[in-house]
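What follows is a single structure, written as structure tokens, with notes after it.
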Amino acid sequence: MRIAALSDFLLQRIDRQSGAPVNRQLYQVIREAILAHVLPAGLQLPSSRDLARELKMSRNTVTYAYEQLVAEGFLETRVGAGTFVADTVPDEIPEAESGAAIPINPSSRLGLSLRGSQLVEQAGAYRLQWGAFMPGVPDVTHFPTKTWSRLQNKYWRRARPDLLTYGQGGGYPPLREAIAEYLRVVRSVNCTAEQVLVTTGIHQSIDLAAKLLAEAGDRAWVEDPCYWGTRSVLHSLNLKPVPVPVDSEGIDLRNGDWRHPPRFIFVTPSHQYPLGPVMSLSRRRMLLEYAAVHNAWIMEDDYDSEFRYNSRPLASLQGMDRHDRVLYLGSFSKTLFPGLRIGFLVVPQALAAPFATGLSELYRGGQVFTQAVLADFMAEGHFASHIRRMRVLYEERLRLLQGAIERNFGDTLPMSGGDAGLHLTLGVPDNCDDAVISRHAQSAGIIARPLSRYYMDARTARKGLLLGYACVPNEAIAPTFDR
């Protein structure tokens, strides 16, 4: 571009009616022209006075744009000569030793890696996180906000610096102690506070354990169906999830499975997600002995253990472990509220110190302030009281949903998982497409996750719908299911 044409070029691209500051517009237009090679390196620009006169704007407006571009390296000033477009274009792009460019996954127009493409294409996260019948979401409207606010304000009044900076080690010590005490009493977990690591939830707990205990390509047995997040995290770390079917006694390992020991065994023994069966004692003992012999790690996700309606709470698998092969995972997402983003990972004593170091090194811990509030919330008994109240409410809503299903279908459609948790699974006939039913329900404003999407092995996938009742008001359950 010739310098004489610069003012016309700029006037065509500056909109004085847009409301955006003119000096900022001028800066952006010149900047983009340099990046696009419209203004070549070495081109001398008019003085700020001359350009301001040609553009009919104040000199300060042009000066601002020039100074900002000089500060960012797009322009350079030469004493006694003027302002020029800086030469920032590389002479050549260095080649790799092989002379070949890094291959791009051809299936991805965005240039995502194969792993990244698979993660996005197979994502299980749902855009809606509230309403009938979203599974796994508690009723956050019943959370004791006044109590939480009182505890929070107590810490704000003190404003302790150690609660507002980065976290260190495995988390806020009083919270680790409160979690350890709770797990010892309620879930029969054998642990000390030192073995408890405070994480942001199940995903981070799995990510940390896999990074510290596994190598790329290691195998991991996962229940089929299972929580989609487990598979996503494992795939993202280049681990190989191996689907293992589930029956009425939990994970159902066949002879062929035993011959190829994995690095990890992921199970939800107290309430299998999403089908709901409880793992039998014989299978629990078999898994523990197998893991000890083959140096496998059992990852126990104690999903929904607090909400049981027809039976007493079950002891954890970790509490039976005599060989230190179980890592115990949990979170407060279902018991309190998902947005809290606080979970916990209980590791064997020998792993406590390296895991605490790894947690700080990889994730730069924080939320110490919130952890302190939660520690008091638990220590003062509010956590236990809240769970008792919500257990009564959720059981009532479960019965209302079961009644609505029976009124519409009698006993023709099987229900499972209704003894515990925040959802039940409703089976549908094999000739139905549960994904299509789910889409039709969504168009009517109703969430019904398709069961088949939770399976890795499509050949064994059962058809059904996951129906969460916890976050649905009592009076809305029946009419919504009728729709």
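The values are calculated or read from the model by the stated rules, or taken from the named source; none is laboratory data. Here the structure is a predicted model, which means the values were calculated and not measured. Cβ atoms come from the backbone with ideal geometry, glycine included; neighbour counts cover every protein chain shown. Side chains are part of the model used for accessible areas, which takes the heavy atoms of the whole protein and leaves out ligands, DNA and RNA. Shrake-Rupley method; radii C 1.70, N 1.55, O 1.52, S 1.80 Å.
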Next on the checklist: Out of the helices (runs of 4 or more DSSP H) lying entirely within the stretch 377-483, which hold 3 or more residues that are under 28 Å from Glu249 (Cβ atoms) and of a type outside the set (A, V, I, L, M)?
Outcome noted: 382-409
Next on the checklist: Restricting to the stretch 331-364, and then to whatever is of a type in the set (Gly, Ala, Ser) and part of a strand (DSSP E or B), can you tell me which residue is farthest from Gly167 (Cα to Cα)?
Outcome noted: Ser331
Item to check | Residue count, the stretch 161-175 (criterion: free of Cβ contacts under 8 Å to residues at least 40 places away in the same chain and surrounded by 12 or more Cβ atoms within 10 Å (Cβ to Cβ)) | outcome: 1
Next on the checklist: Looking only at the stretch 176-199, filter to residues that are among the β-branched types (Val, Ile, Thr) and modelled with pLDDT of 95 or more; which one of those is surrounded by the fewest Cβ atoms within 10 Å (Cβ to Cβ)?
Outcome noted: Thr192
Checklist entry - Is it true that some residue in the stretch 312-330 is among the β-branched types (Val, Ile, Thr), crowded, with 18+ Cβ neighbours inside 10 Å and in a strand (DSSP E or B)? => result yes
Next on the checklist: When you scan the stretch 215-232, do you find a residue that is on the phi > 0 side of the Ramachandran plot, open to solvent by less than 10 Å² (accessible area, probe 1.4 Å), not hydroxyl-bearing (Ser, Thr, Tyr) and not assigned by the TED database to the domain that holds Ala458, even just one?
Outcome noted: no
Next on the checklist: If I ask for residues that are at pLDDT below 95 and surrounded by fewer than 18 Cβ atoms within 10 Å (Cβ to Cβ), which ones from the stretch 363-387 would you list?
Outcome noted: Tyr363, Arg364, Gly366
Next on the checklist: If I filter the stretch 293-311 down to residues being open to solvent by less than 30 Å² (accessible area, probe 1.4 Å) and among the small types (Gly, Ala, Ser), which single residue comes out as modelled with the lowest pLDDT?
Outcome noted: Ser305
Checklist entry - Name the pairs: first residue in the stretch 142-159 and within 24 Å of Ser333 (Cβ to Cβ) and in contact (Cβ under 8 Å) with a residue 12 or more places away in the chain, second residue open to solvent by 60 Å² or more (accessible area, probe 1.4 Å) and part of a helix (DSSP H, G or I), Cβ to Cβ under 8 Å, at least 6 apart or on different chains? => result His142/Arg389
Checklist entry - When only residues in the stretch 245-265 that are over 20 Å from Leu466 (Cα atoms) and open to solvent by less than 20 Å² (accessible area, probe 1.4 Å) count, which is farthest from the chain's Cα centre (by Cα)? => result Pro262
Checklist entry - Taking into account only those residues within the stretch 50-80 that are more than 22 Å from Ala20 (Cα to Cα) and free of Cβ contacts under 8 Å to residues at least 12 places away in the same chain, which is nearest to the chain's Cα centre (by Cα)? => result Glu76
Checklist outcome for this item: Over the stretch 381-402, the set of residues over 15 Å from Lys334 (Cα atoms) and without any contact (Cβ under 8 Å) to a residue 40 or more places away in the chain is Gly381, Arg399, Gln402
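Matching residues to (1) polar (S, T, N, Q); (2) in contact with a Gly (Cβ under 6 Å, 6 or more places away or on another chain); (3) farther than 18 Å from His203 by Cβ:
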residue: Phe264; (1), (2), (3): no, no, no
residue: Tyr273; (1), (2), (3): no, no, no
residue: Ser282; (1), (2), (3): yes, no, yes
residue: His294; (1), (2), (3): no, no, yes
residue: Leu329; (1), (2), (3): no, no, no
residue: Leu336; (1), (2), (3): no, no, no
residue: Ala353; (1), (2), (3): no, no, yes
Checklist entry - Looking at the stretch 40-50, is at least one residue more than 24 Å from Val89 (Cα to Cα) and not polar (S, T, N, Q)? => result yes
Checklist outcome for this item: Within the stretch 4-60, residues being more than 26 Å from Asp87 (Cβ to Cβ) and hydroxyl-bearing (Ser, Thr, Tyr) number 2
Checklist entry - For Arg439, are the conditions met, namely being out of contact with any Gly (no Cβ under 9 Å at 6 or more places or on another chain), free of Cβ contacts under 8 Å to residues at least 12 places away in the same chain, closer than 17 Å to Pro135 by Cα and not small (Gly, Ala, Ser)? => result yes
Item to check | Which listed residue is touching a Ser or Thr at 6+ places or on another chain (Cβ under 6 Å), among the small types (Gly, Ala, Ser) and assigned by the TED database to the domain that holds Leu183, from Ala315, Ala356, Ala375, Ala350 | outcome: Ala315
